[in-house]
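The values are calculated or read from the model by the stated rules, or taken from the named source; none is laboratory data. Please read these numbers as outputs of a predicted model, since none were measured by experiment. When we count neighbours, we look across all protein chains shown, and the Cβ atoms used for this are built from the backbone with ideal geometry, even at glycine.
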Amino acid sequence: MKIKRICLICRKEFYVKPYRIKKGEGKFCSQRCMGIWQSENWIGKNSPHWEEKTFTKRCIMCNKEFQAHKRYTEKGQDKFCSHKCHGIWRSKNWTGENNPCWRRIKRVCEVCGKEFLIKPYRIKKGEGKFCSSHCFGIWNCKHSKKKNTLIEIMMEQELIKNKIPYMKQVPVEGIALVDFLLPNKIIIQCDGDYWHSKEKNKGKDIAQDTVLTFRGYKVFRFWEHDIKKSTEKCIKRIFK
């Protein structure tokens, strides 16, 4: 059952449920008419949100005086004269660890051993093991490789023959996954003729070797055809 009413603004007839009339509603046919009525009648002291008590405050950002209502003073929200000043203050002060939402957990990269900070939700997702996508790529290459290539096997046999201590498939400082790491920071890379002859990969190899050399490593790259021709000559080149 609905009761007929007449809108206070447009005088249009409309129907409303009795429970709404008991709640003090049912005076307007639409939200638009209610908005018009409020804009004309809810002004100044007639507004239900009006507060008689106000306090003179000074903005901590621009030093301008402004009037703050009691409810903002009680909540401690009377420090800024506008949203703009509040935003400027937050951009300068709520950064990094000063942000109230800041929360990070310290982790150690499984590849390069570097310490880094990460959000807790990423650890719950199984992430947070590597400091960068580069280190993840190195780890992925190491663990996705099922077996050594022929040229790597040949190089390993030659190292054993010459009684040279080595470690194979070693991640070095988060820079690269090297085929063999020898004492005195000597690195051996066995490059396949097809893959490493591509221009894109040549550039990566040069950049990688430059960084490793800068860090004090001596990098020796041997092509597939050179290793197959004479692994012994490759080892002699290192001794020279």
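Looking for something assigned to a helix (DSSP H, G or I), free of Cβ contacts under 8 Å to residues at least 12 places away in the same chain and in contact with a Cys (Cβ under 8 Å, 6 or more places away or on another chain) - is there at least one such residue anywhere in the range 220-231?
Checking the range 220-231: at least one residue is assigned to a helix (DSSP H, G or I), free of Cβ contacts under 8 Å to residues at least 12 places away in the same chain and in contact with a Cys (Cβ under 8 Å, 6 or more places away or on another chain).
Taking the range 114-165, which residues are more than 20 Å from G192 (Cβ to Cβ) and surrounded by 15 or more Cβ atoms within 10 Å (Cβ to Cβ)?
Of everything in the range 114-165, those that are more than 20 Å from G192 (Cβ to Cβ) and surrounded by 15 or more Cβ atoms within 10 Å (Cβ to Cβ) turn out to be F116, I118, G128, K129, F130, C131, C135, F136, W139, I164.
Results for (1) within 30 Å of C135 (Cα to Cα); (2) among the hydroxyl-bearing types (S, T, Y); (3) assigned to a loop (DSSP other than H, G, I, E, B); (4) in contact with a Phe, Trp or Tyr (Cβ under 9 Å, 6 or more places away or on another chain), shown as yes or no for each residue.
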residue	(1), (2), (3), (4)
M34	no, no, no, yes
E40	no, no, no, no
F80	no, no, yes, yes
R107	yes, no, no, yes
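What single numbered condition from (1) assigned to a loop (DSSP other than H, G, I, E, B); (2) in contact with a Lys or Arg (Cβ under 8 Å, 6 or more places away or on another chain); (3) of a type in the set (F, W, Y) fails to hold for F14?
(1)
Cβ-Cβ distance below 7 Å, separation of 6 or more or different chains: which pairs start in the range 186-202 with a residue that is over 20 Å from K228 (Cβ atoms) and at pLDDT 80 or above and end on one that is among the basic types (K, R) and not in a loop (DSSP other than H, G, I, E, B)?
I186/K218; I187/K218
If you take the residues of the range 155-181 that are under 18 Å from C112 (Cα atoms) and in contact with a Pro (Cβ under 9 Å, 6 or more places away or on another chain), which of them is modelled with the highest pLDDT?
Filtering first and then ranking leaves V178.
Cβ-Cβ under 9 Å, sequence separation 6+ or interchain: first residue in the range 34-48 and hydroxyl-bearing (S, T, Y), partner at pLDDT 80 or above. Which pairs?
Filtered contacts from the range 34-48: S47/Q38; S47/N41.
When the range 66-92 is examined, which residues are found to be modelled with pLDDT of 85 or more and loosely packed, with under 11 Cβ neighbours inside 10 Å?
Once the filter is applied, which keeps residues that are modelled with pLDDT of 85 or more and loosely packed, with under 11 Cβ neighbours inside 10 Å, the range 66-92 yields H83, S91, K92.
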